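Below is one structure, written out as structure tokens, with a few remarks after it.
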Amino acid sequence: MRRLAGLLVVPLLLLSTAACGSDDKGSDSASMKNGLPAITAGVKFGEKPTLAKGEGDPPKELKVNVISEGDGPVTKKGDALQVNYLGQAWDSTTPFDNSFDRGQPFDLTLGAGQVIKGWDQGLEGQKVGSRIEIGIPPELGYGAQGQGDIKPNATLVFVVDILKAVTIPKSAEGTVVPQNDKKLPQVGTNTDGKAPTLTVPKVDPPTKLVSNYVLESKGEAVTATDTVVVNYVAALWKDGKVFDSTYTTGKPANFPLAQLTLKGLKDGLVGKKVGSRVLIVAPPSEAFGNEEKQGIPKGSTLVFAVDILTKM
């Protein structure tokens, strides 16, 4: 199946290869603290940190130091997290990426494979409001292939501020809204966490964007700057064939709407209530137009059944 993740401007921290941490303190110096490079400026939670260059051999296993512990809930696998971070190679004094300069925190679902394994492992079991430093060996980072400015077999060091953690529900819930228009797709109303049925009628598609509630919750309205965590089924109007679904992996997707380039999907979500299930029909003018994209034929009308599980 094709994945809609390709429609997003994807941050640097995405997927990697395939355990866990050492409690060794290591020796401290001006440039090292508890076995990891010292934060030489911007030590406090919320400040952009400056990291020293690593000294000696880097850790061979994942290493996590709690710089300052928050008083929020403990993160667990499956939570939607929002963090700020700075990343630097062990043998460098120059960060390769950070969210502080962008002024835009990074959102992820913990344990969903959306980030390198060192992140999924290092962020689990930490308290919201904490600042942590993570030393990540190559096999839990970008491995032998590297990534962009990151050299092959690089040990990585991150300083991460955990801003928020939200438990993701398994399904949309709410009032069932009648689907009386037989010229539109019909969407199932199950709330068991399984994929809803999506049946496309054999009629001509609408020429304007459709965004209708299937299940209407009482949550907050989604705004154009939100990151939403969703489950969805996506199909072609032409033959009703499903070309993408989060249910096949069992892992919801994070959509930062400001970065979502499929206009009909973004516009169809904005204004809808968190916790709802929505039918979205995007005509070609609101989808990919006359371009063939990711194997989707040009001129395609796209159909989505989307559960807006939560927002960050």
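The values are calculated or read from the model by the stated rules, or taken from the named source; none is laboratory data. None of these values were measured; they are calculated from a predicted model. Note that each Cβ is placed from the backbone with ideal geometry, even for glycine, and that neighbours are counted across all protein chains shown. What goes into the accessible areas is simple: the full protein's heavy atoms, side chains included, and nothing from ligands, DNA or RNA. Shrake-Rupley method; radii C 1.70, N 1.55, O 1.52, S 1.80 Å.
In the chain, a dipole from Cβ-located charges (positive for Lys and Arg, negative for Asp and Glu) runs towards its positive end, and of ILE162, GLN104, THR207 it is THR207 whose Cα lies farthest in that direction. With the radius of gyration and the Kirkwood radius both derived from the Cα set of the range 135-229, what is their ratio Rg to Rh? Rg divided by Rh gives 1.19. For the chain, the 222 nm mean residue ellipticity estimated from helices alone, with every DSSP H stretch of n ≥ 4 adding -39500 (n - 2.57) and the total spread over all residues, rounds to -1000 deg cm²/dmol.
Step through the table entries LYS251/LYS273; LYS63/LYS170; LYS194/LYS218, compare each Cα-Cα distance with 30 Å, and write down the pairs that go over it. Walk me through the numbers before you get to the answer.
Numbers: LYS251/LYS273 21 Å; LYS63/LYS170 32 Å; LYS194/LYS218 22 Å.
Checking Cα-Cα distances, LYS63/LYS170 exceed 30 Å.
With 0.36 nm allotted per residue and the present C-alpha distance subtracted, the LYS263-ARG102 stretch has 55.6 nm of extension available.
Here each label is just a point 7 Å from Cα along the line to Cβ, and for GLU220 and THR248 those points are 3.3 nm apart. A simple spin-label model places pseudo-atoms 7 Å from Cα toward Cβ; at ASN153 and VAL74 they are separated by 3.8 nm.
What length, rounded to one decimal in nm, is gained on full extension from ASP239 through to GLU291, with 0.36 nm per residue of separation minus their alpha-carbon distance? Display every interim value, and only then the final one.
On the way: separation 52, 0.36 × 52 = 18.72 nm, distance 1.84 nm.
16.9 nm is the gain from fully extending ASP239 to GLU291.
Backbone phi angles across the range 134-144, fed through the Karplus curve with coefficients 6.51, -1.76 and 1.60 (θ = phi - 60°), yield HN-Hα couplings of 10, x, 10, x, x, 5, 9, x, 9, x, 6 Hz in residue order; Gly and Pro are listed as x.
Accessible surface for the range 167-312, divided over its residues, is 46 Å² per residue with a 1.4 Å probe.
Per residue and in cubic angstrom, what volume does the convex hull of the Cα atoms of the chain have? Walk me through the numbers on the way to the answer.
Values: hull volume 40.8 nm³, N = 312.
Once divided by residue count, the hull of the chain is 131 Å³.
Evaluate the Kirkwood expression for the hydrodynamic radius of the range 159-312, namely the inverse of the mean inverse distance over all pairs of different C-alpha atoms, and round to one decimal in Å.
Numbers: mean 1/r = 0.0636 Å⁻¹.
Taking every pair of different Cα atoms in the range 159-312, averaging 1/r and inverting gives 15.7 Å.
Once the convex hull of all Cα atoms in the range 192-257 is built, its volume per residue stands at 125 Å³. Cross-link reach is defined here as a Cα-Cα straight distance under 15 Å, omitting same-chain residues fewer than 8 places apart; for LYS183 the aspartates and glutamates meeting it are ASP204, ASP239.
Stokes-Einstein D for the range 32-122 at 4 °C, 1.567 mPa s, Kirkwood Rh over Cα pairs, in µm²/s?
D = 89 µm²/s.
Here the Karplus relation 6.51 cos²θ - 1.76 cosθ + 1.60, evaluated at θ = phi - 60°, turns the backbone of the range 105-111 into coupling constants of x, 9, 10, 8, 9, 5, x Hz, with x for every Gly and Pro. For the chain, the share of accessible area belonging to carbon and sulfur comes to 51 percent (1.4 Å probe, ligands and nucleic acids excluded).
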